[in-house]
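Asks: One structure follows; several queries about it will come next.
The values are calculated or read from the model by the stated rules, or taken from the named source; none is laboratory data. Quantities reported herein were computed from a predicted structural model and do not represent experimental measurements. Every residue, glycine among them, receives a Cβ derived from its backbone with ideal geometry; neighbour counts consider all protein chains shown.
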Amino acid sequence: MPDLYPLPVFHFAVEWGGTRIGFSEVSGLTQEAQAIEYRDGVSPEYSTIKMPGLRKYSNVTLKRGIVAADNEFFSWLNTIKMNKVERRDIVVSLLNEEHIPVMIWKIHNAFPVKVEGPGLKASGNEVAVESIELAHEGLELQNE
């Protein structure tokens, strides 16, 4: 059996509404099942039972370097109008050395809830990075 190594996290791609965009960081690819505690009055035990409840998805945060005249994050955030917003499906792919996806996270019906500009510093020596935080209605994982 050949040696199997874990995949590195630095080689990934993000499809943003059908367009592939470069991001420097993706975080929040998390889902959990909330536990429901229940006990009825005639139970002989003096404790609750636990059973699986609703699924809960964390917000996803995407970060990228700022490019002049690109205001897409703020433009998308500005589509929010009284209970209506432009929703997008986002696909995050972890790639192997041949640039082929080996794990794919599909984020369903995402919309922006926060856009953050860079921290500006006169003595800084790094790239200006902006971030967008997305709420969504589901996260699906596929292993290729």
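Asks: So is R55 basic (K, R) and exposed (fewer than 14 other Cβ atoms within 10 Å of the Cβ) or not?
Replies: For R55, the condition - basic (K, R) and exposed (fewer than 14 other Cβ atoms within 10 Å of the Cβ) - is met.
Asks: Would you point out the residue of region 94-132, among those that are acidic (D, E) and either in a loop (DSSP other than H, G, I, E, B) or buried (at least 17 other Cβ atoms within 10 Å of the Cβ) (or both), that is nearest to the chain's Cα centre (by Cα)? Spell out how you get there, then give the answer.
Replies: First pass over region 94-132, keeping only residues acidic (D, E): 97-98, 116, 126, 130.
If we keep only those that are either in a loop (DSSP other than H, G, I, E, B) or buried (at least 17 other Cβ atoms within 10 Å of the Cβ) (or both) too, we end up with 97-98, 126, 130.
Details: E97: 23, E98: 24, E126: 24, E130: 15 Å.
It comes out as E130.
Asks: Suppose the filter is loosely packed, with under 15 Cβ neighbours inside 10 Å, without any contact (Cβ under 8 Å) to a residue 60 or more places away in the chain, among the hydrophobic types (A, V, I, L, M, F, W, C) and under 30 Å from N143 (Cβ atoms); does I21 pass it?
Replies: Spelling it out, I21 is indeed loosely packed, with under 15 Cβ neighbours inside 10 Å, without any contact (Cβ under 8 Å) to a residue 60 or more places away in the chain, among the hydrophobic types (A, V, I, L, M, F, W, C) and under 30 Å from N143 (Cβ atoms).
Asks: So which residues in region 104-144 are of a type in the set (V, I, T) and within 13 Å of L62 (Cβ to Cβ), if there are any at all?
Replies: I107, V113, V115, V129, I132
Asks: Looking at region 77-90, can you tell me whether even one residue there is over 24 Å from V9 (Cα atoms), under 22 Å from the mean Cα position of the chain (by Cα) and loosely packed, with under 12 Cβ neighbours inside 10 Å?
Replies: Yes - at least one qualifying residue is present in region 77-90.
Asks: Could you grab me the full set of residues in region 56-105 that are among the β-branched types (V, I, T) and free of Cβ contacts under 8 Å to residues at least 60 places away in the same chain?
Replies: Of everything in region 56-105, those that are among the β-branched types (V, I, T) and free of Cβ contacts under 8 Å to residues at least 60 places away in the same chain turn out to be V67, T79, I80, V85, I100, I104.
Asks: Here's something else I'd like to know. Quick one: would you say E98 is more than 20 Å from G17 (Cα to Cα) and charged (D, E, K, R)? Spell out how you get there, then give the answer.
Replies: Details: more than 20 Å from G17 (Cα to Cα): yes; charged (D, E, K, R): yes.
It is true that E98 is more than 20 Å from G17 (Cα to Cα) and charged (D, E, K, R).
Asks: Right, something else. Among the residues of region 7-58, write down those that are of a type in the set (S, T, Y), within 28 Å of the chain's Cα centre (by Cα) and either at pLDDT below 90 or assigned to a strand (DSSP E or B) (or both).
Replies: As a first pass, look at region 7-58 and keep what is of a type in the set (S, T, Y): 19, 24, 27, 30, 38, 43, 46-48, 57-58.
After this cut, where a residue has to be within 28 Å of the chain's Cα centre (by Cα) as well, the list is 19, 24, 27, 30, 57-58.
Listed by number, the residues that qualify are T19, S27, Y57.
Asks: When S27 is evaluated against the numbered criteria (1) without any contact (Cβ under 8 Å) to a residue 12 or more places away in the chain; (2) surrounded by 11 or more Cβ atoms within 10 Å (Cβ to Cβ); (3) farther than 17 Å from N96 by Cα, which criterion, by number, is the only one it fails?
Replies: Going through (1) without any contact (Cβ under 8 Å) to a residue 12 or more places away in the chain; (2) surrounded by 11 or more Cβ atoms within 10 Å (Cβ to Cβ); (3) farther than 17 Å from N96 by Cα one by one, S27 breaks only (1).
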